Structure formats: structure tokens, C-alpha cells
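A short write-up of the structure that comes next.
The values are calculated or read from the model by the stated rules, or taken from the named source; none is laboratory data. Since the structure is predicted, the reported quantities are computational estimates derived from the model, not experimental observations. Glycine also receives a Cβ, built like all others from the backbone with ideal geometry; neighbour counts cover every protein chain displayed. Ligands, DNA and RNA are excluded from the accessible area calculation, which covers all protein heavy atoms including side chains. Shrake-Rupley method; radii C 1.70, N 1.55, O 1.52, S 1.80 Å.
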Amino acid sequence: MLLCTKIRLEVSPEDAATLEFMQGKCRGLYNWWVGRLRDGEQWPGAYSAKKSLQESKQHDPELCLVYGKLLHEVYFRLDKAMNAFYRRVKAGETPGFPRYRKRHEFFTLCYPAMYIKITGNTVTLPTGGGGKHGKKGYPDSVARLTESPPVAFREVAITRDARANYYASFVSEQEEQASASQGAIAFDLGIKTLATGVNEQGRVFRIGGFKGTRWYNKQLDKIRSKRDKCKKKSKRYIYLSHVYKRVSEKKRQKQRDSLHKASHLISHKLVARTVVVGELSQRQMVTKQHVERNKHLNRSVFNDWGCSTFVHMLLYKCQLYGKEFHQISERDTSKTCHVCGRKQAMPLYKRMYRCENCGLIMDRDENSAHNILMRFLARLECAVVRDVVSPLQTGGI
């Protein structure tokens, strides 16, 4: 399978200015085509649209200073976006037409592997300038990698975060491992406890998420409150904006590190061949009986939870370590008793499930994990019975 290794780059101010110039021109070319498509022009395809690059260079001569492979990649990225748009329209989903790329967002620069030169921990990024004394005026950008890159890779993507740190993402092929373990384990995702799981033997696993969310949110609120009292574009306003970005980036890194550790623990450390996760909607978590929005949960769910990111991490890591990953509907799993099957109302503030029929007292997430596991095993048994009955019916006919 393909994996991405993200490594931080140390670049000089001159090379950073070169990267900013190239990404700005690539973003401008992308937005120009998006504007034409929004005006009603039909997308001709990547290869047909690429033939108009010379006309674009005549209209904007500065495009001649940008590396040609980066400009070609713009057409292929827009082609992928349009194909995804057509697929969603055909499936009856929300179309989601390609959007303009904002000026403050870094437009990712994708280099094919054959044009990248790596010597030790130094990477040379071509700019189309023809070396140190190039005809186009821009020498190749030379950056130092803070880590050792993978031996074999397919392409390199150059990105930048909010604090003006540059990164190189190496896409490489990694062999999938085979898992000799057996059994299944089901997890219920939550806000306070990231994942609560139960295996077939009844053992309960609780995996906590990032615990510093409230502290970081309090610090960010203080910084934003101080910044709002300053005059815009003043020195103190700019200084507090940099501090806000630095604290926000540190919070995001710690959240992502916590999700990586939790997904690695489930996919690699736990002895179970099949991992089952409840299919949960974030919008459902901030809705009170699907009618009235609960505004108090919006920040903790949409900004601090990371449910979708955690599920994607778990998906590719299970595939990497040779385990099966399944998502199953968890509708009414928190309301239904896994012992007697009685259903009762369970608002989010009730953390303990107390069944009035059989007397079960259990944590609501643990009860939900039991129900998810039972649903998966029941569906698995139905599939096995169907596979056994089909040959018998065919032979009888």
C-alpha cells in the first residue's frame, strides 16, 4: 500500500520566496480555470486543457518562470476535482463544485520522483531556472531534511503550515503485513473517552484521547480576546496573531499525535483480527433529537474531537497490519440493553445505563460497544449461512 512520510524542511529566505512565487502562480492558474468553469464553460479534460498552457503564458509572462511540471500538475488536480464532482452528481449526492483556492492557503507543489535530487539529508527542488545561473532567473531550491527520507518514493509534495514551516511528503510503497490473530473487537467512539471497546471474551478496553483540549481552548480564548481589543494591523495585533497561530499549531499537533497513538494501539497492539467501529455522524452529536442544535457541543465535536481523522487512520493502519476493518451502524446502540434488548431514552448527560427490566448497570459506551459487537457477529453468521445454503439450493435445482 502507499504511505506518506512527512518531513520538515529547513529552507533559506530566498528559497522560501521562490516556493511562494511558484505556488502563487499555480494557484492563480487553478483559480482562473475554476472561474471559467463557474461561468458555464465545459471542462475539456486534463490533456486538452493543458494544450492551452502556452496561451496562458502569453497572457501572464511570469508563468514562464515556473517549473513546467508544476503547471502540468494543476490541470491533473483540477481534472480529479471535476471527476469527483461528476461522480457525486451521478450518485445523487451533494455536488460540491471545485472552489477557489484562497490567497493565504499554500497551494501544494507536487514533484515527480524522477526530477528530485536527494544527497544525504539535502533535497534539490527544480524551479525551471536551469541551475545556479539559469536563463529564467530562479536557481534550484536547496533544502535540508530534518529526517532521513525513504529509500524509494514515487512523488514529493511540498506544503506549508500556518507558521510558515515547509514540509516534504514522500509517497512510498510499503508491503502489507499478515496477521495471525483471530477474533473480533468492537469500539464505540465518544467525546470524553475516545474509544471504548469489547472483544468476544467480554474484556473491556478504554482508550482516552487528548486531555489538554480545555486548557488550550482557554489560552486561545485569552489570546483572541486580547487581540480583538487592539487596532487591526498594529504591531501588537500582528504579534498576538503569530502567538495565536503558534498555540493553535501546537494544539493540533498534540491532537494528531494522540490519534496516531490510539489508532496504532488498536490496529497493531491489540490481539484481534477484525476491528469493528460504529458509524457515527459528527452532526448527529451536536443535534438534540435531530431538531434543535446544541451549541455547547459544537466546539468539542467539530474542532476538538477528530472522529473522522481517527477512523481514517484506523482504516489504513488495519490494512497495513493485515487486519479487517468494518464500520457498522450504531443506531440505538446506546439506548438498547445488550442483555434483554429493552430500549429506553439516553440523553448525552446520562453516562450510566440502568435497565429497569433486567437491572443492568453499565457505562453507556461499554453497553454500546457490546451492541455493536453483537450486530457484527449476527451479520457475520447470516453471511455464513447464506454461503452454505446457496450451493445446496443450486444442487437441488
Of the residues that make up region 23-30, is at least one among the charged types (D, E, K, R), at negative phi and in a loop (DSSP other than H, G, I, E, B)?
-> no
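Of all residues in region 261-307, count the ones that are at pLDDT below 85, open to solvent by less than 80 Å² (accessible area, probe 1.4 Å) and over 24 Å from Met374 (Cβ atoms). It would help to see each step written out before you state the result.
Looking only at region 261-307, we keep the residues that are at pLDDT below 85, and these are 271, 279-307.
Of the ones still in play, those that are also open to solvent by less than 80 Å² (accessible area, probe 1.4 Å) are 280-282, 285-287, 294, 297-298, 300-301, 304-307.
Now drop any that are not over 24 Å from Met374 (Cβ atoms), which leaves 282, 286-287, 294, 297-298, 300-301, 304-306.
So the count comes out to 11.
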Within region 203-228, of all residues that are of a type outside the set (D, E, K, R) and assigned to a loop (DSSP other than H, G, I, E, B), the one most open to solvent (accessible area, probe 1.4 Å) is Phe210
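So, restricting to strands (runs of 3 or more DSSP E) that lie completely within region 300-381, which ones have at least 1 residues that are touching a helix residue (DSSP H, G or I) at 6+ places or on another chain (Cβ under 6 Å)? Outline the logic, then answer.
On the way: elements: 324-329, 352-354, 361-363.
The strands (runs of 3 or more DSSP E) meeting that bar are 324-329, 352-354.
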Looking across region 206-253 at residues that are small (Gly, Ala, Ser) and within 27 Å of Leu194 (Cα to Cα), the single one that is modelled with the highest pLDDT is Ser248
When Gly120 is run through (1) surrounded by 16 or more Cβ atoms within 10 Å (Cβ to Cβ); (2) of a type outside the set (A, V, I, L, M, F, W, C); (3) over 25 Å from Gly40 (Cβ atoms), the failure sits at (1)
Scanning region 317-365 for residues that are surrounded by 13 or more Cβ atoms within 10 Å (Cβ to Cβ) and acidic (Asp, Glu), the one farthest from Gly183 (Cα to Cα) turns out to be Asp363
So, first residue within 16 Å of Ser169 (Cα to Cα) and at pLDDT below 95 in region 1-27, second residue loosely packed, with under 14 Cβ neighbours inside 10 Å and among the small types (Gly, Ala, Ser), Cβ within less than 9 Å, six or more apart or across chains; the pairs are Ile7/Ser148
